Amino acid sequence: MTRINRDAVIAIFLLLVCGVFFWASFDIRQPDYGTLKPSTWPRVILVVLALLSLIYLVQSLARGPEPAHEDISDRPHGLHGRLSHWRNVLWCFGLFVLYLSTMPILGMLIGGICFVFLLLCALGGWQPRQLALHAVIAGVAVGGMWSVFTYGLGVILPTGVIFSAF
Amino acid sequence: MVIDNILLAVAEIANVKTLALMMVGVAAGLISGAIPGFTIAMAVVLTLPFTFGMPPAQGLATMVSVLVGGLSGGLMSGILTGIPGTPSSVATTFDGFPLARSGEPGFALGLGVWSSFCGGIISAFMLVMFAPRLSRIGLEFQPWDYFMLVMFALTVTASLSGRNLIKGLIAGALGLLVRTVGEDEAIGMARFNFGNDTLLQGFDFIAVLIGLFAFSQLLSDVRDPEAARRSLAERERIQARIEHWRAIKAIVKRWTTVIRSALIGVFTGILPGAGGSIANILAYDQARKASKQPDSFGTGNPEGVIAPESSNNAVEGGALITMMALGIPGDVTTAIMLGALLIHDVVPSPSFISDEPVLAYSIFIAFFLANFIMLGMQSFMLRIFVLVTRIRMYMLAAVILGFSTIGVFAINNVEFDIWTLLWFGILGFFMRQFGFPLAPMILGVVLGNIAELNLSRAFAISDDVTLFFTRPWALFFLIVALFSAVFPLFQNARAEGKKWVRFYAPTLLAAIAVPLWMMGGTVRPGLSLICAGFAAYLIYKARQSVVEA
């Protein structure tokens, strides 16, 4: 039986992160002036973080394959199970990445309305009545917020290629 | 001089625009506090982008209002639906909900509203009295002491905010590490940018905070598709009218509970990391122990509403004392407030009150006023709350996610900040899923620069490392940090009935007697002798009980 559990995997991942950052700390330029070298403080943190991660790893391995306090019966099984379990979260991540990637083209107003509308539909449903309600919510909420920041607070938000054409 | 500063502060706050913003802030706080899953910290952090264009006093007054409103908002859903709006109002539901169920929702709400008001006002008085005094002590701190104070704040937050101390400490260290990315503050050398020029500016810490706290919370709220489509008031129709006079009479009759609970709240708030979620349970427990009818608790005892509501509103007064006097945030919400000060180029430190007296007094006045505004707005907001409870969770989450992007972009007008929001939102979500507390990480992010700057200053003065252990205040914070790190072990051992736990408190007292003695003067060596004497007595008693056992 494997002794690796989820916590042990996280601890190993943290140790790897510490390793990468410690290696990257050698790229920090060391000037002749200044009393505390720019790499000293990050290295202190990394040593502490590595030690803590090591203790975490030992704790996790000592506890055995699965944490006793967790009920694993309701955990999703298989790829389909996992996808449906994390469906909403994946929608949020995916649509957010799409929103950010298309921002230079759509701008914050059009992109924001589209993002909120699509997210509302993805999380709430795609029936015609809901579509209309979601469109109104997205338009009013993002449009209102955009107006507050643009006209009220004087913030220049990204206009995007489409919007700036008008 | 003090009068001049107060008058100037009144002029900053008592104008139509600021008062209107404070009312909006209280209303927003009340609503966000009332919605389960939406924390007060989330409301405060989302208010931050709106305050950029405001003068510092106005911006901070708005944020203080959100904070005060949020602390009181939790009681509405807790009493009327049995679901606490925030962790700070968990204990309110124990008696508030049964009281409402027994046909007295208006009385229960009245008790909650007026107890919250009393708790807030008592803590506001404590804030005004103690913050300037504590800041005078803070002026004694040298870089070594200040560095150890930051370490203490991180350790105590890690030990109090989660079940696993190691996870809390890892979160704190991660927060410190995140803050090192980009050019270092002292001499501007590039660190951990991995060849990417955008990373030279580092992660904007407001984007990090919104991502870690708000974004990840929203993802957690909509994770379950069924729960995401549910609204709070689906089960029953909510209808109530606050009974003010009856509640006031009941509270006046139980004034000792109000004062005791408020003091518990203030003290808990002063401790870094211990917030309203701990204070309301502690106050409830103490009220039950002090009651002549402890068995009636849980069935609708008015004291069961008064105690937690007085304490959770008093917490922020205590947290603001630590923030304003020492520049160390008492909890996540004050960490965000500290961030707001930094945005307005005000560096929180022990000299904050003497350097920025008008701003400091503006915060005091705003805290007072916000409590009165909260009281006046509760009845009106109750109607809005009833409407909000009909909105489905996924709608709120989607709209707030959309708003977060606009708010985060507005900080620096940089698109990279929105990516920061996304990455830290994902990180925060996984940290929540894997049981890592977010509070130590947020404190690490906020305090990282302060720690490094003081470390740098300390080495600029002297390269003697022993000063971190031999200076009285540094030693004091080191001792308290070590004991707070052992605190979770102490709690477990006490539950298992281990004998060594009897020596924990006396050993702590004996240990802190040493730096107190080293501080010199008259009062502190006197305190040191009292601590040492009391420690000796406790050790004697503990030894006796061990021998008898």
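Values quoted throughout were computed directly from the atomic coordinates according to the rules given, and no laboratory measurement underlies them. Model, not experiment: these values are computed from the prediction. Neighbour counts are summed over all protein chains in view; Cβ atoms, including those assigned to glycine, are modelled from backbone coordinates with ideal geometry.
Its Cα gyration tensor gives the stretch A:6-69 an equivalent ellipsoid. The semi-axes, each the square root of 5 times an eigenvalue, are 33, 10, 6 Å from largest down.
From Cα pairs below 8 angstrom and at least 6 apart in sequence, can you work out the relative contact order of chain B, rounded to a whole percent?
Working: 1038 pairs, mean separation 136.7, N = 549.
Relative contact order, chain B: 25 percent.
Ordered by the count of other Cβ atoms within 10 Å of each Cβ, fewest first, B:184, B:221, B:197 give B:197, B:221, B:184.
Among A:112, A:143, A:152, the largest mean-square fluctuation in a Gaussian network model of chain A, built with springs joining Cα atoms closer than 10 Å, belongs to A:152. Around residue B:371, what is the net charge, scoring Lys/Arg as +1 and Asp/Glu as -1 over all other residues with Cβ under 13 Å from its Cβ? In short, -2.
Over 36 Å, how big is the tail of the calculated P(r) for the protein assembly as shown, in percent of all Cα pairs? Everything past 36 Å amounts to 44 percent. With the biggest extent put first, the Cα atoms of the stretch B:464-548 measure 43, 26, 16 Å across the principal axes.
The C-alpha atoms of chain B occupy a region whose extents along the principal axes are 68, 67, 52 Å, arranged from largest to smallest.
For chain A, leaving out every one of the trypsin sites (Lys or Arg not before Pro) that falls in a DSSP loop and has at most 12 other Cβ atoms within 10 Å, the longest unbroken run is A:30-166. The order of B:375, B:421, going from fewest to most other C-beta atoms within 10 Å of their C-beta, is B:375, B:421.
Other residues within the sphere of radius under 12 Å centred on the Cβ of residue B:142, judged by their own Cβ, net out at 0 (K and R +1, D and E -1). Per-residue mean of foreign Cβ neighbours for B:164-174 is 5 (Cβ atoms of other chains, 10 Å radius). Between the Cα long axis of helix A:128-147 and the first principal axis of chain A there is an angle of about 80°, rounded to the nearest 10. Using only Cα atoms, tell me the angle between helix A:6-25 and the longest principal axis of chain A; keep it within 0 to 90° and round to the nearest 10. The angle comes out near 90 degrees. Calculated from the alpha-carbon coordinates, chain A shows an Rg and a Dmax of 24.1, 68 Å respectively.
Mean separation of Cα pairs under 8 Å and 6 or more residues apart, divided by the residue count, gives the stretch B:464-548 a relative contact order of 28 percent.
Counting helices only, and only those DSSP H runs with n ≥ 4, report the 222 nm mean residue ellipticity of chain B as the sum of -39,500 (n - 2.57) divided by its residues, in deg cm²/dmol to the nearest 500.
Values: 25 runs with 405 residues, N = 549.
Helix-only estimate at 222 nm: -24500 deg cm²/dmol.
With Cα atoms defining each centre, the stretch A:1-48 and the stretch B:72-118 are spaced 47 Å apart in the structure. In angstrom, the C-alpha Rg and Dmax of the stretch B:17-149 are 17.7, 59.
Once Rg and the Kirkwood radius are both taken over the C-alpha atoms of the stretch A:86-164, their ratio Rg/Rh works out to 1.01.
For chain A, the longest principal axis of the Cα atoms and the long axis of helix A:87-124 meet at an angle of about 70 degrees. Within a straight-line Cα-Cα reach of under 12 Å, residue B:253 can be paired with the following aspartates and glutamates, leaving aside sequence neighbours fewer than 8 residues apart in one chain: B:303. Measure off 7 Å from each Cα along the Cα-to-Cβ vector at residue B:489 and residue B:231, then give the distance between these two points in nanometres to one decimal. In this crude spin-label approximation the distance works out to 5.3 nm.
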